[in-house]
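Undergrad: The structure under discussion is supplied below as structure tokens; questions concerning it will follow.
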Amino acid sequence: MHLRPLAILPLLTTLASAQAPPPTSDIPPGPPPKSYDCYHTTIPIQIDGKLDDPAWKSAPWTTDFVDIEGSAKPKPRYRTRAKILWDDDYLYIAAELTEPDVKATLTEHDSVIFHDNDFEVFLKPPVKTESEDNPGYFEFEINALNTSWDLFLDKPYRFGGKADNSWDIPGLKTAVAIHGTLNKSIDKDHGRKDKGWTVEIAFPWKAYASRLPVTPPHSGDQWRINFSRVEWKAGQPKEDNWVWSPQGVINMHVPEKWGYLNFRDRH
């Protein structure tokens, strides 16, 4: 979960927020952030959620997601992994979420998506001012109904950052494919388990200009990125948080712990 704009803060403060910022800026040491080589593609990608486009065949999977606090915590119950590609217009992300009973309820854009099981992207382009790096970054969440939430953070919450929920992604493309049946737990009861759901996202490079002077990357550039999966379990008061590059704390808003996204020319 994540702290949000003032309009929904009263609601969020009643929750056992698994990703709320710690009271101090102290972040425990841990393993170095993970790294992913993101290759340029000239092959068109159809955003339909199915991940069967030829371009994806040459893109490596990330390592499987782990608990947000790292390997000291139990291994996630279900597998999650992602792929990333880029071209001159978009950053493409594909994700595979294993799930025996796929559920989602939220249908309104900019709903509090982590109230459902969801997939989340955190992205920090390298933007410099005259004196220092800009601390701003972007967050995107999506559920199995293809309902999304996009927002901009001017800096991490623990440094007094504020969430800008008015930011919407112009030109965004998303799609979800359900491998099973959505919101039909009776199938599970009858022994017909779902396999999960897959997601495709195309973030246009021009989407960020209204908040930060982000320019399209070149081969050799490096951004910071991380992914999170929120998973709720019946009878469990707090959600599970599974991520690609472990944070070491139950807080996604620590960009220093995010992985490295290395832009590369095509193979």
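Undergrad: Evaluate the charge dipole of the stretch 113-245 about its Cα centre and quote only its size in Debye, nearest 20, assuming +1 on the Cβ of each Lys and Arg and -1 on the Cβ of each Asp and Glu.
TA: Value, rounded to 20: 240 debye.
Undergrad: Next question, about the same structure. Per DSSP H run of at least 4 residues, take -39500 (n - 2.57); add these up for the chain, divide by its residues and hand me the 222 nm value, nearest 500 deg cm²/dmol.
TA: Counting only the DSSP helices, I get -1000 deg cm²/dmol.
Undergrad: What translational diffusion coefficient, to the nearest whole µm²/s, does the stretch 35-88 have by Stokes-Einstein, given a Kirkwood radius computed over alpha-carbon pairs, a temperature of 25 °C and 0.890 mPa s viscosity?
TA: D, rounded to a whole number, is 187 µm²/s.
Undergrad: A further question follows. For the stretch 35-185, what does the accessible surface come to per residue with a 1.4 Å probe? Please give it in Å².
TA: Spelled out: the 1.4 Å probe surface of the stretch 35-185, per residue, equals 44 Å².
Undergrad: Let's test the formula: R0 of 22 Å, r as the Cβ-Cβ distance of His109 and Thr215. What FRET efficiency results, to the nearest 0.05?
TA: My answer for the efficiency is 0.20.
Undergrad: In sequence order, what are the phi-derived ³J(HN,Hα) couplings for the stretch 33-48 according to the Karplus relation 6.51 cos²θ - 1.76 cosθ + 1.60 with θ = phi - 60°, rounded to whole Hz, with x for glycine and proline?
TA: x, 6, 9, 9, 8, 9, 8, 6, 10, 10, 8, x, 10, 8, 7, 10
Undergrad: Net charge around Lys206, counting only other residues with Cβ within less than 15 Å of its Cβ (Lys, Arg = +1; Asp, Glu = -1)?
TA: Neighbourhood net charge equals -3.
Undergrad: Taking only the alpha carbons of the stretch 141-189, what extent do you get along each of the three principal axes, in Å, biggest first?
TA: Principal-axis extents of the Cα atoms in the stretch 141-189, largest first: 47, 28, 13 Å.
Undergrad: Next up: Take the Cα gyration tensor of the stretch 18-120, multiply each eigenvalue by 5, square-root it, and list the three semi-axes largest first, rounded to whole angstrom.
TA: Computed over the stretch 18-120, the values are 27, 20, 15 Å.
Undergrad: Now for a separate question. Rank these residues by their accessible area, most exposed first, probe 1.4 Å: Glu256, Glu200, Glu96.
TA: Glu256, Glu96, Glu200
Undergrad: In the structure shown, do any of Lys184/Lys257; Lys155/Lys238; Lys103/Lys173; Lys155/Lys233; Lys75/Lys162 have a Cα-Cα gap over 28 Å, and if so which?
TA: Lys184/Lys257; Lys155/Lys233; Lys75/Lys162
Undergrad: Ratio of alpha-carbon Rg to the 2.2 N^0.38 Å globular estimate for the chain, to two decimals, please.
TA: Against the empirical 2.2 N^0.38 Å value, I get 0.97 for the chain.
Undergrad: So which aspartates and glutamates can Lys193 reach, going by Cα to Cα under 20 Å and dropping same-chain residues fewer than 8 places off?
TA: The qualifying aspartates and glutamates are Glu96, Glu99, Asp101, Asp116, Asp118, Glu231.
Undergrad: Further question on the same structure: For the charge dipole of the stretch 117-267, defined by +1 on Lys and Arg C-beta atoms and -1 on Asp and Glu C-beta atoms about the Cα centroid, which residue among Phe138, Ala163, Ser185 has the Cα displaced farthest towards the positive pole?
TA: Ser185
Undergrad: Please report, in whole Å, how far the alpha carbons of the stretch 116-252 spread along each principal axis, starting with the longest.
TA: Each principal axis gives a Cα extent; for the stretch 116-252 these are 62, 31, 30 Å.
The values are calculated or read from the model by the stated rules, or taken from the named source; none is laboratory data. These numbers were taken from a predicted model, which means no experiment stands behind them. Counting neighbours? That spans all protein chains shown, and the Cβs are built from the backbone with ideal geometry, glycine included. Ligands, DNA and RNA are stripped out before the accessible areas are found, and what is left, the full protein with its side chains, is counted by its heavy atoms. Shrake-Rupley method; radii C 1.70, N 1.55, O 1.52, S 1.80 Å.
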